[in-house]
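Read through the structure below, which is laid out as structure tokens, and then see the notes.
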């Protein structure tokens with residue numbers, strides 16, 4: 001039986017891919033491959049989600065895009081500071097919940113990015 005194993009990637013159109021990659025490399029520490037992608041090797045932890053929301057949900061606000069990218073990170077507060085230093089619009093406050101720590105920002109292309117740090121065991 002065939003099964004979905006996880007998120008293979010997020011692909012999208014961009015006004016200036018070179019500047020966009022540079023922002024992610026300079027401000028968020030992303031390594032850019034020869035193909036121009038940002039790739040992360042699995043570490044045997046965490047999970048990947050594919051989660052629809054009602055069309056009237058405000059969870060992706062203030063972005064006007066119909067999607068959001070969730071990135072699993074090891075330090076939400078540190079990554080939020082990196083995004084802030086890069087000029088990103090920070091959305092709301094960092095939240096520490098039973099599901100982990102969450103933070104949000106709008107990247108240079110207007111995409112809402114959700115950062116997720118897994119709960120400590």
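The values are calculated or read from the model by the stated rules, or taken from the named source; none is laboratory data. Being a predicted model, the structure only gives us computed values, none of them experimental. Please note: Cβ atoms are built from the backbone with ideal geometry, for glycine as well, and neighbour counts cover all protein chains shown.
For residue 11, are the conditions met, namely being surrounded by 12 or more Cβ atoms within 10 Å (Cβ to Cβ), assigned to a loop (DSSP other than H, G, I, E, B) and at pLDDT below 85? I'd like the intermediate steps shown before the answer.
Working: surrounded by 12 or more Cβ atoms within 10 Å (Cβ to Cβ): no; assigned to a loop (DSSP other than H, G, I, E, B): yes; at pLDDT below 85: yes.
No; evaluated as a whole, the condition is false for this residue.
Quick check: is even one residue across region 15-28 in contact (Cβ under 8 Å) with a residue 12 or more places away in the chain, part of a loop (DSSP other than H, G, I, E, B) and under 23 Å from residue 102 (Cβ atoms)?
no
Please find, within region 29-85, the residue that is surrounded by the fewest Cβ atoms within 10 Å (Cβ to Cβ) out of those that are within 13 Å of the chain's Cα centre (by Cα), at pLDDT below 85 and under 21 Å from residue 96 (Cα atoms).
Result: 49.
Every residue in region 88-121 that is closer than 18 Å to residue 22 by Cβ, part of a loop (DSSP other than H, G, I, E, B) and either in contact with a helix residue (DSSP H, G or I) (Cβ under 8 Å, 6 or more places away or on another chain) or in contact (Cβ under 8 Å) with a residue 60 or more places away in the chain (or both), please. If you could, list the steps in order and put the result at the bottom.
Quick first cut of region 88-121, residues closer than 18 Å to residue 22 by Cβ only: 88, 105-111, 113.
So of that shortlist, the ones also part of a loop (DSSP other than H, G, I, E, B) come out as 88, 107-111.
Of everything in region 88-121, those that are closer than 18 Å to residue 22 by Cβ, part of a loop (DSSP other than H, G, I, E, B) and either in contact with a helix residue (DSSP H, G or I) (Cβ under 8 Å, 6 or more places away or on another chain) or in contact (Cβ under 8 Å) with a residue 60 or more places away in the chain (or both) turn out to be 88, 107, 108, 109, 111.
Assuming residue 26 fulfils every condition listed in (1) surrounded by 12 or more Cβ atoms within 10 Å (Cβ to Cβ); (2) farther than 20 Å from residue 117 by Cα; (3) in contact with a helix residue (DSSP H, G or I) (Cβ under 9 Å, 6 or more places away or on another chain) apart from one, which condition is it?
Going through the list (1) surrounded by 12 or more Cβ atoms within 10 Å (Cβ to Cβ); (2) farther than 20 Å from residue 117 by Cα; (3) in contact with a helix residue (DSSP H, G or I) (Cβ under 9 Å, 6 or more places away or on another chain), residue 26 breaks only (3).
May I ask you to list the residues in region 112-121 that are crowded, with 17+ Cβ neighbours inside 10 Å and over 9 Å from the mean Cα position of the chain (by Cα)?
117 - this is the single residue of region 112-121 that is crowded, with 17+ Cβ neighbours inside 10 Å and over 9 Å from the mean Cα position of the chain (by Cα).
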